[in-house]
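Worksheet for the structure shown next.
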Amino acid sequence: VAAAASRSGKPIRLWFGESDSATPEIVRAAAQAALEAGETFYAPRRGLDELREGLAVYLRRLHHVTVDVSRITVTASGMSAIMIALQAVVSAGSNVVIVSPIWPNISNAVAALGATVRHVPLERDASWRLNVQSLFEVADRDTSAIFIASPGNPTGWICETEQQREILAFCESRGIYLIADEVYQRFTYDRPIAPSFLEHATAESPLIVVNSFSKTWAMTGWRLGWMVHPTGAGACIGELNAVNTTGAATFVQRAGVVALQEGESFVASLHQRCVAGRDLVHSALVSMGGVSAIRPPAGFYSYFFIEGIADDLAFASSLAANTGVGLAPGSAFGPASAGFFRICFALHAELLQTAMERLARYLASRALMDAIEMP
Ligand SMILES: Cc1ncc(COP(=O)(O)O)c(C=O)c1O
């Protein structure tokens, strides 16, 4: 899709999972100042104390929970936090139950550890819904972890408080770890913030929450994330952080401290941009023939279905080659995703408007061709 879009000469890259806003100036300045001050050395393997303490304050502010600093580890990205969480609890030959559709790196990380992925697809009607019973039925003696991204990528589905409680209780009773990915928690459109599994857990619950600076403060290229794990797991997580990346760069962590303390006005402006992007994309999509879309309650993606498409990768490539508009094909996100496509709407409205016009024209011309070919 990327190659086809580039060849078109007028690419609009909607398949990426990031905003086109740069990191806020104040955060960039903090990294520059740390570099100027010569902060170029190894950081403590579980992260700078200031950042871990800042994260404890942030979690209290967001979710009204008290998380001891000893349970917080800074990682070199959300992806690294996911890998470390999986390495800590998943053994080769076991299985990991994943609520899908899901960002493909997560299933790939499970496979890289020699474990099997068991997808539990969300049900789709007026909204995306999880049937918790089917989640519980899929888990068996060989299940080492359940992985839930809420809000989800690509769907924007939010795991509601009641379901979070049920799932956590199930994991506790079965001795299964729950890995909760909450990187899109600030991108919600029907409430101030998505509920966190931390709100229902104790310090001993078999829960690892992974999070990231990437989306909230537009810091995708910096590689900075964190995880909250049970009491007593710090030494193990620290070892894993050491052998994976030896942690995030010191000056990047200094920038993270400032993002937590002074980044709220940026978070609000990025959120505003997403509200506009979501409305624009959703109303354009539902006005196109053969397209069905659910208005996402969270995240920064539209995940929509186009009727009559057997091969979504071929369609996305052809759309990109003909119009420059690059969509992420649904089949990347797990089974039962054929015919779906994902658009990131955390982008400039003008760009999204152009993309929607090109997509609408392409679909209309395709429908016309089909009609002409009819005998
Ligand atoms: C659901 C989900 N989790 C985690 C990440 C990882 O983010 P990063 O590695 O940039 O911190 C992403 C990025 O797209 C994501 O969509």
In the range 181-195, the residues that are among the charged types (D, E, K, R) and either in contact with an Asp or Glu (Cβ under 8 Å, 6 or more places away or on another chain) or open to solvent by less than 30 Å² (accessible area, probe 1.4 Å) (or both): ASP181, GLU182
Restricting the range 223-244 to residues that are surrounded by fewer than 22 Cβ atoms within 10 Å (Cβ to Cβ) and not hydrophobic (A, V, I, L, M, F, W, C), the residue that is nearest to the ligand (Cβ to nearest atom): ARG223
Pair list, Cβ under 8 Å, 6 or more apart: the range 125-154 residue of a type in the set (Lys, Arg), other residue buried (at least 24 other Cβ atoms within 10 Å of the Cβ): ARG129/TRP157
Residues being among the aliphatic types (A, V, I, L, M) and at positive phi - total across the range 188-231: 1
Matching entry among ILE84, ILE102 (being in contact (Cβ under 8 Å) with a residue 12 or more places away in the chain, crowded, with 21+ Cβ neighbours inside 10 Å and not in a loop (DSSP other than H, G, I, E, B)): ILE84
Criterion (touching a helix residue (DSSP H, G or I) at 6+ places or on another chain (Cβ under 9 Å), within 24 Å of HIS200 (Cβ to Cβ) and not polar (S, T, N, Q)) met by exactly one of VAL57, VAL117, VAL27: VAL57
Filter result for LEU14 (open to solvent by less than 10 Å² (accessible area, probe 1.4 Å), within 16 Å of the ligand (Cβ to nearest atom) and modelled with pLDDT of 95 or more): no
Subset of the range 87-99 [part of a helix (DSSP H, G or I) and within 16 Å of the ligand (Cβ to nearest atom)]: GLN87
Filtered residues of the range 315-346 (kept if open to solvent by 10 Å² or more (accessible area, probe 1.4 Å) and either of a type in the set (Asp, Glu) or farther than 17 Å from ASN105 by Cα (or both)): PHE315, SER317, SER318, ALA321, ASN322, THR323, ALA336, ALA338, PHE340
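Kindly provide the set of residues from the range 208-222 that are of a type outside the set (Lys, Arg) and either within 9 Å of the ligand (Cβ to nearest atom) or open to solvent by 10 Å² or more (accessible area, probe 1.4 Å) (or both), ordered by number.
We begin by selecting, within the range 208-222, every residue of a type outside the set (Lys, Arg); these are 208-214, 216-222.
Within the range 208-222, VAL210, ASN211, SER212, PHE213, SER214, ALA218, MET219, THR220, GLY221, TRP222 qualify.
Residue-wise test of (1) within 16 Å of the ligand (Cβ to nearest atom); (2) open to solvent by less than 10 Å² (accessible area, probe 1.4 Å); (3) not hydrophobic (A, V, I, L, M, F, W, C).
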residue: THR40; (1), (2), (3): no, no, yes
residue: ARG45; (1), (2), (3): no, no, yes
residue: GLY54; (1), (2), (3): no, no, yes
residue: VAL74; (1), (2), (3): yes, yes, no
residue: SER80; (1), (2), (3): yes, no, yes
residue: VAL117; (1), (2), (3): yes, no, no
The range 154-163, subset of a type in the set (S, T, N, Q) and open to solvent by 10 Å² or more (accessible area, probe 1.4 Å), residue nearest to the ligand (Cβ to nearest atom): GLN163
The one condition in (1) open to solvent by 40 Å² or more (accessible area, probe 1.4 Å); (2) at negative phi; (3) without any contact (Cβ under 8 Å) to a residue 60 or more places away in the chain that ASP312 fails to fulfil: (1)
Test: residue in the range 62-71 that is within 16 Å of the ligand (Cβ to nearest atom) and open to solvent by less than 60 Å² (accessible area, probe 1.4 Å): no
Qualifying position, being open to solvent by less than 20 Å² (accessible area, probe 1.4 Å), assigned to a strand (DSSP E or B) and either within 11 Å of the ligand (Cβ to nearest atom) or modelled with pLDDT of 95 or more (or both), among LEU168, LEU198, LEU178, LEU135: LEU178
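The values are calculated or read from the model by the stated rules, or taken from the named source; none is laboratory data. The structure displayed is predicted, hence computed values, not measured ones. For neighbour counting, all protein chains shown are included, and Cβ atoms are generated from backbone atoms with ideal geometry for every residue, glycine included. Heavy atoms of the whole protein, side chains included, go into the accessibility calculation; ligands, DNA and RNA do not. Shrake-Rupley method; radii C 1.70, N 1.55, O 1.52, S 1.80 Å.
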